[in-house]
1. Is at least one residue of region 44-60 at pLDDT 95 or above, over 21 Å from residue 84 (Cβ atoms), more than 13 Å from the chain's Cα centre (by Cα) and surrounded by 13 or more Cβ atoms within 10 Å (Cβ to Cβ)?
2. Applying the selection to region 40-87, what residues are out of contact with any strand residue (DSSP E or B) (no Cβ under 8 Å at 6 or more places or on another chain) and either within 16 Å of residue 24 (Cβ to Cβ) or not in a helix (DSSP H, G or I) (or both)?
3. As an exercise: evaluate residue 16 against (1) surrounded by 13 or more Cβ atoms within 10 Å (Cβ to Cβ); (2) within 12 Å of residue 77 (Cβ to Cβ); (3) modelled with pLDDT under 95 and give the number of the one condition it does not meet.
């Protein structure tokens, strides 16, 4: 259930490292809500594993700061939730 990507960007997430992806698969997108994040106000939707329903991260639906517009439509996914250990 690893996401496919054309762009990886190291970020800090709630519980460690996370990556910014332009595409994700095997996910379910939850309802949109406004959140004040470290980089400003964003409209985001939590994303869940389509199999086990664990929260993997969120999708940026809208960025209110002009410098953050590149995130719109992209996904932040926590590394520990998407990387399988000991393959």
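1. No, every residue in region 44-60 fails to be at pLDDT 95 or above, over 21 Å from residue 84 (Cβ atoms), more than 13 Å from the chain's Cα centre (by Cα) and surrounded by 13 or more Cβ atoms within 10 Å (Cβ to Cβ).
2. 51, 52, 83, 84, 85, 86, 87
3. Residue 16 satisfies all of (1) surrounded by 13 or more Cβ atoms within 10 Å (Cβ to Cβ); (2) within 12 Å of residue 77 (Cβ to Cβ); (3) modelled with pLDDT under 95 except (1).
The values are calculated or read from the model by the stated rules, or taken from the named source; none is laboratory data. Note that the coordinates shown come from a computational prediction; the quantities given were computed from them, not determined experimentally. Note that each Cβ is placed from the backbone with ideal geometry, even for glycine, and that neighbours are counted across all protein chains shown.
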